[in-house]
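Written below as structure tokens is the structure these notes are about.
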Amino acid sequence: MELTVKLKEVLIERGMSQVELAEKTGLTRTVISELATNRRTSVNREHITKVIQALDISDMNKIFEVK
């Protein structure tokens, strides 16, 4: 079983770039890029909290998927 972050899909759906999300969250572009491409081996709760707040996500299924 694998947990994936569907950030890339959400950004496309919202018409937002990774750079815009980085600016809105205060996270680095590298962090956003690694989350969007699932290159992170662990997920920092603080980072995810900033992302879901910036994207106004209330349903975790919107951003996470278990495969």
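The values are calculated or read from the model by the stated rules, or taken from the named source; none is laboratory data. Bear in mind that the values here come from a model prediction, so they are computed numbers and not experimental data. So basically every Cβ, Gly included, is an ideal-geometry build from the backbone, and we count neighbours across all protein chains shown. Protein only, heavy atoms only, side chains kept; ligands, DNA and RNA dropped before computing areas. Shrake-Rupley method; radii C 1.70, N 1.55, O 1.52, S 1.80 Å.
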Among the residues of the range 38-67, write down those that are touching a residue at least 40 places away in the same chain (Cβ under 8 Å) and not aliphatic (A, V, I, L, M). Lys62, Phe64, Glu65, Lys67
Take the residues in the range 16-65 that are open to solvent by 90 Å² or more (accessible area, probe 1.4 Å) and either within 15 Å of Thr4 (Cα to Cα) or outside any helix (DSSP H, G or I) (or both), then tell me which one is modelled with the lowest pLDDT. Thr41
Please work out if Glu2 is open to solvent by 60 Å² or more (accessible area, probe 1.4 Å) and at pLDDT 95 or above. no
Residues being more than 15 Å from Ala54 (Cα to Cα) and either of a type in the set (Ser, Thr, Tyr) or in contact (Cβ under 8 Å) with a residue 12 or more places away in the chain (or both) - total across the range 7-37: 3
